1. Once phi is turned into ³J(HN,Hα) by the Karplus curve 6.51 cos²θ - 1.76 cosθ + 1.60 with θ = phi - 60°, what whole-Hz value does each residue of the range 48-62 show in order, with x for glycine and proline?
2. With each run of n ≥ 4 DSSP H residues scored as -39500 (n - 2.57), what mean residue ellipticity at 222 nm is computed for the chain after dividing by its residue count and rounding to the nearest 500 deg cm²/dmol?
3. Treating the beta-carbon of each Lys and Arg as +1 and of each Asp and Glu as -1, no other charges, what is the dipole magnitude of the chain about its Cα centre, to the nearest 20 debye?
4. Report, by chain and number, residues whose modeled amide H sits under 5 Å from the one on Ile9, excluding near sequence neighbours (fewer than 5 apart, same chain).
5. Share of the chain's accessible area from carbon and sulfur, percent, 1.4 Å?
6. Which one of Val5, Thr40, Cys16 is farthest out on the positive end of the charge dipole of the chain, using unit charges on Cβ (Lys, Arg +1; Asp, Glu -1) and the Cα centre as origin?
7. Bin all alpha-carbon pair distances of the chain at 5 Å intervals from 0 and give each bin's fraction as a whole percent.
Amino acid sequence: MAKGVRLIITLECTECRTNTDKRSPGVSRYTTTKNRRNTTARLELKKFCRHCNRHTPHKEIK
């Protein structure tokens, strides 16, 4: 069976991962899809983080 062109990826907050002094424990994660032919590099989007309580960059994780 052939793999499809679109992949389901997970985006994780970069500031929650590195900052230990935040208002609540945990890491913000979102799931989305990307086209593997058009976007071969790791995706980075600004999304709202409930733990940081502001918009932060979220990077694609494996």
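The values are calculated or read from the model by the stated rules, or taken from the named source; none is laboratory data. This one's a predicted model, so the numbers in the text were calculated from it and none came from an experiment. As a convention, Cβ positions derive from the backbone with ideal geometry for all residues, glycine included, and neighbour counts pool all protein chains shown. Side chains are part of the model used for accessible areas, which takes the heavy atoms of the whole protein and leaves out ligands, DNA and RNA. Shrake-Rupley method; radii C 1.70, N 1.55, O 1.52, S 1.80 Å.
1. Couplings: 7, 9, 6, 7, 8, 6, 6, 7, 9, x, 10, 10, 5, 10, 6 Hz.
2. Value at 222 nm, helices only, nearest 500: -1500 deg cm²/dmol.
3. Roughly 240 debye for the chain.
4. Thr32, Thr33, Lys34
5. Using a 1.4 Å probe with all protein chains present, the chain comes out at 49 percent carbon and sulfur.
6. Val5
7. With 5 Å bins starting at 0, P(r) equals 4, 18, 27, 19, 13, 9, 6, 3, 1, 0.
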